[in-house]
Amino acid sequence: MNTLWYAHLGWIVAASMLGFAVSVIFSGILRLPRPVFLLPYIGFMGLFFYAYTRWSGLSIGEMLRHNWVGGLIGAIILGILTIKNVLSQPGSPRSKGFNLAFDLIWSGFLYGLTDALLLSVLPVLATWQAFTLLNWTENWPGRILVALLAVLASMLVTSAYHFGYPEFRGKRLITANVGNTAMTLGYLVTSNPLAAMLCHAAMHIAAVLHGPARVVQLPPHYTS
């Protein structure tokens, strides 16, 4: 474990900058279609998250095993709410056959999983590790304060990443933060990242099935 507590917070800032850079360059400027846009997004974010876990000495397996039942329960509860929100939006035609299977894996599961790692899991992990080194998490008042700081860190990364998309430069930025904060709280309450990861993946899968051309949770969208 690295003993420089503020270095963990630096990873949060770096995640915000990388998320914004990927969305603004590959969507806002280059306007890549979603399947192509996901190549740099999933690639860069996957490597970034892996680099953080290696640097910090965290075990992904241990994180997933800790209170995994609670994580699954949290994912189911949050998943129902997020899927309900997806289905409340206007739908659009979806792919069929092999293309649909590809979309479910690529734009659904992997996209949603990457979003969860960037927007919820990494900010919570980095915040918790930073303030654990300062002994803030040794009692309940400290843990609650650190949890609030983790939510703020998640909102910072979420805002930076979504602001790179032209379609989120307005009220939708608030909506994105509200939805993702619920998933981040699910992770904090259950102490298992599956709550955020599986919920986010389920939301994207539902978006692929319901209306990939119109559902807001599945950027980028281009109107011209």
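What follows is calculated from the coordinates using simple rules that are stated; it is not laboratory data. Note that the coordinates shown come from a computational prediction; the quantities given were computed from them, not determined experimentally. Methodologically, a virtual Cβ is constructed for each residue, glycine included, from the backbone with ideal geometry; neighbour enumeration extends over all protein chains shown.
Helix 5-23 versus the longest principal axis of the chain: what is the Cα-based angle in degrees, 0 to 90, to the nearest 10? That works out to roughly 10 degrees. Here the peptides 49-59, 156-166 are ranked by packing, the mean other Cβ count within 10 Å, and the order with the highest first is 156-166, 49-59. Helix 140-163 axis versus longest C-alpha principal axis of the chain: approximately 30°, rounded to the nearest ten. Sorting Ile77, Ile205 by the number of Cβ atoms found within 10 Å of their own Cβ, with the fewest placed first, yields Ile77, Ile205. Here's the picture: a label point sits 7 Å out from the Cα of Leu134 along the beta-carbon direction, and within the range 7-21 the residues with their amide nitrogen under 19 Å of it are 7-15. Here the contact order of the chain, divided by its residue count and restricted to Cα pairs under 8 Å and six or more residues apart, works out to 39 percent.
Can you sort Met183, Met197 from fewest to most other Cβ atoms within 10 Å of each residue's own Cβ?
Met197, Met183
If a spin label sat at a point 7 angstrom from the Cα of Ala7 along the line to its beta carbon, the backbone N atoms of the range 45-64 nearer than 13 Å would be those of 52-58.
Highest mean first, the peptides 63-70, 9-16 sorted by other C-beta atoms within 10 Å per residue fall in the order 9-16, 63-70.
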